[in-house]
Amino acid sequence: KELGLDDNKKILILQGAGINIDRGVEELVEAMQYLENTILLIIGNGDVINNLKELAKKLDIQSKVIFINRIPYHELLHFTANADLGISIDKDTNLNYRFSLPNKLFDYINAGIPVLVSDLPEVNKIVKNYNVGEILNSHNPKDIAEKINKLLANKELLDFYKNNTIKASDDLCWENEEKELLKVYNLYN
């Protein structure tokens, strides 16, 4: 309520500075027409935002898809922590996307929310290794909606994934990565 969101609805979040083509967002917006009692927060910016707003309007789902421009990180964390599911469903259309490891994945995990991600090698490793969410095998809007519905309907599974984010966030943090980086630097000194 403090964030102006309906606390009776499930909240999906997709955040980022690169909400661009082939990030799966167009299909995610389309999937919202098949989801009930759920809202999608798209927080950030990118080259498809205006197209996404037009798509939401065309599908008459503006009340289900909320667009928030880029906001300071500490404000973003409040939205992220209140979401029920973090989304990162880039398509495997180029090497950059294929081998990416988006910051939003770590933001979701550190906020303690389960994730729904596309089946990309590095993202897949994190999600499977830590059991923090589900992997999407199709970018068809109906398949996305079906996967989200199943996840949101299974409180036990969501709680299992949420609990696993605690261990994952202990491991996947700068303090641990810093040690590895310093080892590399020391090799060359």
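The values are calculated or read from the model by the stated rules, or taken from the named source; none is laboratory data. This is a predicted model, so every value here is computed, not measured. Cβ placement follows ideal geometry from the backbone for every residue including glycine, while neighbour counts extend to all protein chains displayed. Just so you know, the surface numbers come from the protein's heavy atoms only, side chains and all, with ligands and any DNA or RNA stripped out. Shrake-Rupley method; radii C 1.70, N 1.55, O 1.52, S 1.80 Å.
Values for this structure:
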quantity: Mean separation of Cα contacts under 8 Å, 6 or more apart, over the residue count of region 1-144: relative contact order %; calculated: 24 percent
quantity: Of every Cα-Cα pair in region 68-189, the percent that sits beyond 19 Å; calculated: 53 percent
quantity: Relative contact order (%) - region 74-116, alpha-carbon pairs under 8 angstrom, separation at least six; calculated: 53 percent
quantity: Accessible area of the chain belonging to carbon and sulfur atoms, whole % at 1.4 Å probe; calculated: 48 percent
quantity: Table column - 3J(HN,Hα) (Hz), region 55-70, Karplus curve with 6.51, -1.76, 1.60, x for Gly and Pro; calculated: 5, 4, 5, 4, 7, 6, 10, 4, 6, 9, 10, 10, 9, 10, 4, 3
quantity: Cα-centred dipole magnitude for the chain, charges only on beta-carbon of K, R (+1) and D, E (-1), debye, nearest 20; calculated: 140 debye
quantity: Among the listed pairs K1/K57; K10/K150; K128/K162; K91/K142, those beyond 18 Å (Cα-Cα); calculated: K1/K57
quantity: Antiparallel DSSP beta bridges within the chain, percent to nearest 5; calculated: 0 percent
quantity: Net charge of neighbours whose Cβ lies under 10 Å from the Cβ of E36, counting Lys and Arg as +1 and Asp and Glu as -1; calculated: +3
quantity: Neighbour cut-off at most 15 other Cβ (10 Å), DSSP loop, GluC sites (Glu not before Pro), region 1-80; calculated: E2, E36
quantity: Dipole of the chain, positive end: most advanced residue of L59, Y130, V48 [Cβ charges, Cα centre]; calculated: L59
quantity: For region 1-155: accessible area per residue (Å², 1.4 Å); calculated: 49 Å²
quantity: Karplus 3J(HN,Hα) series, Hz, for region 44-49 with 6.51 cos²θ - 1.76 cosθ + 1.60 (x for Gly, Pro); calculated: x, 8, x, 7, 10, 4
quantity: Aspartates and glutamates whose Cα lies under 16 Å from that of K183, excluding same-chain neighbours fewer than 8 positions away; calculated: E175
quantity: Quarter of the Cα convex hull surface for region 14-144, i.e. its orientation-mean projected area (nm²); calculated: 7.3 nm²
quantity: Sequence-separation-based contact order of region 101-189, relative, with Cα cut under 8 Å and 6+ spacing, percent; calculated: 32 percent
